[in-house]
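Notes to accompany the following structure.
The values are calculated or read from the model by the stated rules, or taken from the named source; none is laboratory data. Keep in mind the model is a prediction, meaning the values are calculated, not measured. Counting neighbours? That spans all protein chains shown, and the Cβs are built from the backbone with ideal geometry, glycine included. The area values use the complete protein model at the heavy-atom level, side chains included, leaving out ligands, DNA and RNA. Shrake-Rupley method; radii C 1.70, N 1.55, O 1.52, S 1.80 Å.
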Amino acid sequence: MKTHKFALLPGDGIGPEIIAEGKKVIEAAADKENFAVKWEEFPFGADHYLATKELLPEEALKDMAKNEAIYLGALGDPRVAPGILEKGVLLALRFHFDEYVNLRPIKLLEGIHTPLANKGPKDIDFHVVRENTEDFYVGIGGRAKPGKNKQMLEVKRSLYSVKFGLDIDVEKDEIAYQIGVLSRKGSERVQRYAFELAKKKKKNRVTAVDKANVLTSVYSLWREVFEKVKKDYPDIETEYNFVDAITMWFVKQPEWYQVVVTPNMFGDIITDLGAMIQGGLGLAPGGNINPDGISMFEPIHGSAPKYKGMNRANPIATIWAGAMMLDEVGETKAAADIVKAIESVIKEGKTLTKDLGGTATTSDMGDAIVKKVVQ
Ligand code: IPM
Ligand code: MN
């Protein structure tokens, strides 16, 4: 019997509760499809950080790499300043394993309410392929006060002498900057992934997102690469959407979209909107994918600290992310079984968590999905 090895990172807040349900469902699907699963659990997240000051040690990365994929709950905790866990664990993992694709299916399941009037499951069914290692996420940035830094003072002086005269106030004139970086290689690989996905899913349109009308340096490179990559896929229609416009079109005409490929930060923003039109954050899964390496699967929502330990969060996003993980390691049948089970539980409408208007607990939902999987 084949055994798949997965690293398990429950994380913070509701992470441990939802990941427990995901694990349960994956094990049920494995039983049914005759393969085995082995988990290696890692403690990283807020509690571990507060107790040890450790975020993600080298050794652990090596141990994680002995697994086929990583299954992550959620990270973030109000006791830790924003950015520490997100950058120190989540982004560190995405970057370390070079998971350059963030794949986010936007699919409205039968029986789920979308806030979009007159739209149904046939209208909301596409994939966002978000670049996952570049752009404003590279972490190049800083802050400077002119009076404290001689070079900065000179920059400000020349700027200010042209623009505003020479008045320099150390406090008021502080500046902050953050740089978005795209590489030709990074753009090409994620765009190619989007076209390959379109081919695999028998879709015929790829939409590239950018803001090339303003951020002309980075997104002209993005477009140049897209023009080149699309030549290898003559049967697939292509177009560009500016990021502001695509948020409007997601609401007005979601049925237009098939595969959307986007730089990192715009992808972050538009997939929260995507999650809402598919019924809410509790239903939106994502995969951080390195097609030739170790991928990581997680719900796209956060750790919802205020619901921690209450057994009330919706585990579907995490369970669905688990299905994506099985798909990625080649267990396509088990993956499909899980998605079908989620759909059928929702359609029946007997087991619904609070966010879906029901009274079921996190574990009730996991149990209901397990029941359908093994049927
Ligand atoms: C997401 C999250 C992360 C991101 C944060 C927590 C770093 O918002 O996965 O969408 O910005 O990518
Ligand atoms: Mn996000």
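Structure values in brief
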{"quantity": "Check on Phe195, of a type outside the set (A, V, I, L, M), open to solvent by less than 40 Å² (accessible area, probe 1.4 Å) and under 21 Å from Leu283 (Cβ atoms)", "calculated": "no"}
{"quantity": "Residue match in the range 58-69 (condition: within 15 Å of ligand 2 (Cβ to nearest atom), more than 20 Å from Gly322 (Cα to Cα) and without any contact (Cβ under 8 Å) to a residue 12 or more places away in the chain)", "calculated": "no"}
{"quantity": "Asp123 assigned to a loop (DSSP other than H, G, I, E, B), open to solvent by 20 Å² or more (accessible area, probe 1.4 Å) and within 25 Å of Val259 (Cα to Cα)", "calculated": "yes"}
{"quantity": "Selected residue [among the β-branched types (Val, Ile, Thr), part of a helix (DSSP H, G or I) and open to solvent by less than 50 Å² (accessible area, probe 1.4 Å)] from Val25, Val37", "calculated": "Val25"}
{"quantity": "Of all residues making up the range 7-24, the number that are within 16 Å of Ile70 (Cα to Cα) and in contact with a helix residue (DSSP H, G or I) (Cβ under 7 Å, 6 or more places away or on another chain)", "calculated": "9"}
{"quantity": "Residue identified as within 16 Å of ligand 1 (Cβ to nearest atom) and either touching a helix residue (DSSP H, G or I) at 6+ places or on another chain (Cβ under 6 Å) or farther than 20 Å from Glu99 by Cβ (or both) among Thr262, Thr247, Thr271", "calculated": "Thr247"}
{"quantity": "Verdict on Phe250 being of a type outside the set (Val, Ile, Thr) and part of a strand (DSSP E or B)", "calculated": "no"}
{"quantity": "Residue list for the range 317-330, filter: in a loop (DSSP other than H, G, I, E, B) and either within 16 Å of ligand 2 (Cβ to nearest atom) or free of Cβ contacts under 8 Å to residues at least 40 places away in the same chain (or both)", "calculated": "Gly330"}
{"quantity": "Trp222 vs. criteria more than 27 Å from Gly120 (Cβ to Cβ) and part of a helix (DSSP H, G or I)", "calculated": "yes"}
{"quantity": "The range 76-96, subset touching a helix residue (DSSP H, G or I) at 6+ places or on another chain (Cβ under 8 Å) and assigned to a loop (DSSP other than H, G, I, E, B), residue farthest from Asn288 (Cα to Cα)", "calculated": "Arg79"}
{"quantity": "Cβ pairs under 8 Å, 6+ apart, first in the range 290-311 and touching a residue at least 60 places away in the same chain (Cβ under 8 Å) and within 13 Å of Pro10 (Cα to Cα), second within 16 Å of ligand 1 (Cβ to nearest atom) and open to solvent by 50 Å² or more (accessible area, probe 1.4 Å)", "calculated": "Pro299/Leu281"}
{"quantity": "Unique match (being open to solvent by 30 Å² or more (accessible area, probe 1.4 Å), within 16 Å of ligand 2 (Cβ to nearest atom) and not small (Gly, Ala, Ser)) among Pro82, Pro115", "calculated": "Pro82"}
{"quantity": "Filter result for Pro105 (surrounded by fewer than 22 Cβ atoms within 10 Å (Cβ to Cβ), within 25 Å of Lys199 (Cβ to Cβ) and within 15 Å of ligand 1 (Cβ to nearest atom))", "calculated": "yes"}
{"quantity": "Given (1) open to solvent by less than 40 Å² (accessible area, probe 1.4 Å); (2) free of Cβ contacts under 8 Å to residues at least 60 places away in the same chain; (3) within 12 Å of ligand 1 (Cβ to nearest atom), index of the condition Asn241 fails", "calculated": "(3)"}
{"quantity": "Those residues of the range 324-368 which are over 17 Å from Lys24 (Cβ atoms) and surrounded by 22 or more Cβ atoms within 10 Å (Cβ to Cβ), in sequence order", "calculated": "Ile346"}
{"quantity": "Filter result for Tyr100 (buried (at least 18 other Cβ atoms within 10 Å of the Cβ), within 18 Å of Asn314 (Cβ to Cβ) and among the aromatic types (Phe, Trp, Tyr))", "calculated": "no"}
{"quantity": "Flag if Phe226 is within 16 Å of ligand 2 (Cβ to nearest atom), of a type in the set (Phe, Trp, Tyr) and either closer than 28 Å to Ala117 by Cβ or more than 15 Å from the chain's Cα centre (by Cα) (or both)", "calculated": "no"}
{"quantity": "Any hit, the range 226-233, residues being within 26 Å of Gly120 (Cβ to Cβ), out of contact with any strand residue (DSSP E or B) (no Cβ under 7 Å at 6 or more places or on another chain) and assigned to a helix (DSSP H, G or I)", "calculated": "no"}
{"quantity": "Within the range 303-316, considering residues that are surrounded by fewer than 24 Cβ atoms within 10 Å (Cβ to Cβ) and part of a helix (DSSP H, G or I), the one nearest to ligand 1 (Cβ to nearest atom)", "calculated": "Pro305"}
{"quantity": "Wholly within the range 254-302, strands (runs of 3 or more DSSP E) carrying at least 2 residues that are hydrophobic (A, V, I, L, M, F, W, C), within 10 Å of the chain's Cα centre (by Cα) and crowded, with 24+ Cβ neighbours inside 10 Å", "calculated": "295-299"}
